[in-house]
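The values are calculated or read from the model by the stated rules, or taken from the named source; none is laboratory data. If you're wondering where the values come from, they're calculated on a predicted model, not measured in any experiment. Heads up, the Cβs are rebuilt from the backbone with ideal geometry, glycines too, and the neighbour counts pull from every protein chain shown. In case anyone asks, the SASA skips ligands and DNA or RNA and just uses the protein heavy atoms, side chains included. Shrake-Rupley method; radii C 1.70, N 1.55, O 1.52, S 1.80 Å.
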Amino acid sequence: MKEYKIAVIPGDGIGVDITREAIKVMTKVSEKYGTKLIFTELKAGGCAIDEFGEPLPKHTLDVCKDSDAVLLGAVGGPKWDNLEGQQRPEKALMGLRGGLGLYANLRPAKVYDVLKGASPLKNEIIDEGVDLLVVRELTGGIYFGDRGRCDDNGIEAAYDTEKYNVSEIKKIAHVAFKSAMKRRKKVTSVDKSNILESSRLWRSVVEEVSKEYPEVELNHLYVDNTAMQLVRKPSQFDVILTSNLFGDILSDEASMVTGSIGMLASSSLREDSFGMYEPIHGSAPDIAGKDLANPLAQILSSAMLFEYSLGMSEAARDIEEAVQNVLDKGYRTGDIFTEGTKKVGTAQMGKLVLDEL
Ligand code: IPM
Ligand code: MG
């Protein structure tokens, strides 16, 4: 029997609730296809600060490195919000992304037909369809650039630096074009090249790389315009290729456009099949442990794990179909609940998906 090692980092808040459900789903699907998943549960984020005094213990990173894939819940919460930069739970995310070399962050945002009403945009905009993929560079740019405090002519100052080299841009551009080839063959590269030098380099490298993908249509947009276009006409986008910081912002906006942030999964990848999979939403500490969280984004993240890291596309499709069936039958957690649908908690939602498999 084929065996895979899966590192599981539930993290903080609802990360714990939703990961529990995803693991049950993964176990059932893997059995169906005659594979065995060996889960190792690890700590990172606030819970690791509490137990080990640091957000990303070396042990956690080491076990991840030795696994086939990582399933992550969410990290952070008000309890740790006043800690210094190096000690914050978010530092765990940076350590995992950087330490595992996960430079490509794929964040699909699509509107589920049955959840159309949940989008804050007008029906006629949503009816044109929203099905886009943000390809965000994840291990470079201002998130990892030189930063510090300094003296600015006697006034206290601080700085962060946005820097990209040609190789970093090339790598992420290839991911975007390859993704587009499997989709609607359109890449929108987003930058701020009217102002930033790093964006001018970004744009020229993306142009170069695009020559290797003659079938893919490439256009460039400034980030401010993109923010506007995303709410004006989201249907115009297929793949959005962008930097770490712009991708952070635009992926939140894109997820809100769909109205179902509790449904959106993401993957962080590198050249080989290894990857880290997590929902787009945060740790929602206010509803943690109360059986209120929507586990579907985490369950759909596990589908991405099967697809990209284990090469089990059919298993991924099974999970996606099971989720769709549960929604079609009218079951909803509180975040996506509307009049006339049936409200369920985290555990029951997990069970409903299991029953469909
Ligand atoms: C995300 C999050 C993180 C980021 C935070 C929690 C550090 O917003 O994954 O989008 O900025 O990358
Ligand atoms: Mg973000």
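Listed values, structure above:
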quantity: Other-chain or far-sequence residues with amide H under 5 Å of residue 134's (modelled H); calculated: 107, 109, 240
quantity: Choice from 336, 240, 195 with maximal GNM fluctuation in the chain (Cα, 10 Å cutoff); calculated: 195
quantity: Mean ellipticity per residue at 222 nm, deg cm²/dmol - from DSSP H runs of n ≥ 4 across the chain, formula -39500 (n - 2.57); calculated: -12000 deg cm²/dmol
quantity: Dipole of the range 120-258 [Lys/Arg +1, Asp/Glu -1 at C-beta], most positive-end residue of 258, 231, 130; calculated: 130
quantity: Principal semi-axes in Å for the range 91-155 [√(5λ), Cα gyration tensor, largest first]; calculated: 38, 19, 10
quantity: Selected from 217, 314, 84 as most flexible by GNM, with the chain as the system and alpha-carbon contacts under 10 Å; calculated: 84
quantity: For the range 204-215, 3J(HN,Hα) per residue [Karplus equation, 6.51 cos²θ - 1.76 cosθ + 1.60, θ = phi - 60°, Hz, x = Gly/Pro]; calculated: 6, 5, 4, 4, 4, 4, 4, 4, 7, 10, x, 7
quantity: Per DSSP, loop trypsin sites (Lys or Arg not before Pro) in the range 83-135 with at most 10 further Cβ within 10 Å; calculated: 122
quantity: Gyration tensor (alpha-carbon) shape descriptor, the range 120-258, a/c threshold 1.5; calculated: oblate
quantity: Whole-Å semi-axes of the chain's equivalent ellipsoid (Cα gyration tensor); calculated: 31, 26, 21
quantity: Formal net charge of residues neighbouring residue 252 (Cβ-Cβ distance under 13 Å; K, R +1; D, E -1); calculated: 0
quantity: In sequence order, calculated HN-Hα J values of the range 344-357 (Karplus, 6.51, -1.76, 1.60; Hz; x Gly/Pro); calculated: 10, x, 4, 5, 5, 4, x, 5, 4, 5, 4, 5, 7, 8
quantity: The range 1-20-the range 51-129 distance, computed between alpha-carbon centres (Å); calculated: 13
quantity: Cβ-placed point charges (K, R +1; D, E -1), dipole of the chain about Cα centre in debye, nearest 20; calculated: 660
quantity: Rel. contact order, % - alpha carbon contacts under 8 angstrom, at least six apart, the chain; calculated: 22
quantity: Under Karplus coefficients 6.51, -1.76 and 1.60, residue-wise ³J(HN,Hα) of the range 331-341 in Hz, glycine/proline x; calculated: 7, 9, 7, x, 5, 10, 5, 9, 2, x, 9
quantity: Dipole in debye (nearest 20) - the range 120-258, about Cα centre, beta carbon charges: Lys, Arg +1; Asp, Glu -1; calculated: 540
quantity: Where the range 120-258 is the region considered: accessible area per residue in Å², 1.4 Å probe; calculated: 50
quantity: Calculated FRET value between residue 225 and residue 167, using beta carbons and R₀ = 35 Å, to 0.05; calculated: 0.80
quantity: Euclidean distance of C-alpha centroids, the range 295-357 and the range 131-192, integer Å; calculated: 32
quantity: Of 2/32; 24/116; 116/171; 43/290; 65/171, pairs whose Cα-Cα distance is over 23 Å; calculated: 24/116; 116/171
quantity: Selected from 292, 109, 280, residue furthest toward positive end of dipole (the chain; charges at beta carbon); calculated: 109
quantity: GNM top mover of 114, 135, 16 - the chain, alpha-carbon springs below 10 Å; calculated: 114
